[in-house]
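Colleague: One structure follows; several queries about it will come next.
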Amino acid sequence: MVIVEEIIEGSEDVLKTVEELKKDGNQHFGEGDWSGAAEKYEEALRLCPEEASTQKSLLLSNLAAAFIKQEEWQKAAENASRAIELGVPNEKALERRAFAYSNLSEKYESSIEDYEQILTLYPNRTYIRQKIDNVRKKIDQRNEELKTDVLQKLKGLGDFCLKPFGLSTDSFELKPNSEGGYSIQMRDRPNTQEENQSSA
């Protein structure tokens, strides 16, 4: 019995220390010291017992918030995900991950999934719809930039292949066809002054 009581008391002392570190982190956060807040949350997480899942989830979510303030989007998303994976209801962690994803171009679609999950749980949060619209605009912009980049690379490759023949991609043009697609045709070459004189 004595050993059991000592273990319980020890766990309580650890949790008390964890809570104090969390409060210190919150104070740093409130003062705008995001880095200091993150350090306190991380220290608390190192001490927090595995079975204290609710406390760990809150700490991880707070850590994600501190990284968001520092615009460290990947770290924010990772810690928010860890909070969610604990299985403890934590809507803030989900929203923070969605926001972090909305700043990572390769994660835009995941951001929308998270925001839509929040809307399913809380349909009255209309501001989430605006966030979804903003991410969709980012997706459109990203895809347009990718398309432009791919076309530029293809143009460079085409110019390289056509150069031995004295041609370039500018020598050709796309023209709509009757089937709703496009066909590639060589541009009409304007007559040079020398050609005009020889034909006169």
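What follows is calculated from the coordinates using simple rules that are stated; it is not laboratory data. Keep in mind the model is a prediction, meaning the values are calculated, not measured. Backbone-built Cβ (ideal geometry, glycine too); neighbour counts: all protein chains shown.
Colleague: Roughly what would the spin-label model give for residue 171 and residue 109, points 7 Å off Cα along C-beta, in nm?
Modeller: The answer from the label model is 3.9 nm.
Colleague: Once the piece of chain linking residue 138 and residue 85 is laid out straight, how much longer is it, given 0.36 nm per residue of separation minus the C-alpha distance between them?
Modeller: Result: 16.4 nm gained on full extension.
Colleague: By how many nm would the segment from residue 146 to residue 27 grow when fully extended, if each residue of separation counts as 0.36 nm and the alpha-carbon distance is taken off?
Modeller: So the chain would gain 38.6 nm between residue 146 and residue 27.
Colleague: Right, next: Hey, can you rank 118-130, 70-82, 48-60 by average C-beta count inside 10 Å, highest first?
Modeller: The densest-packed peptide leads the list: 70-82, 48-60, 118-130.
Colleague: Please give the peptides 17-28, 86-97 ranked by average Cβ packing (other Cβ atoms within 10 Å per residue), highest first, as a rough proxy for protection.
Modeller: Sorting 17-28, 86-97 by mean packing, highest first, produces 86-97, 17-28.
Colleague: Can you tally the net charge around residue 64? Count Lys and Arg as +1, Asp and Glu as -1, for every other residue whose Cβ sits under 15 Å from the Cβ of residue 64.
Modeller: Combined, the nearby Lys, Arg, Asp and Glu give +1.
Colleague: For residue 124 and residue 46 in one chain, what is 0.36 nm times their gap in residues minus the Cα-Cα distance, to one decimal in nm?
Modeller: 24.4 nm
Colleague: Which pairs in the list 69/137; 22/131; 107/175; 138/163 are over 32 Å apart, alpha-carbon to alpha-carbon?
Modeller: 107/175; 138/163
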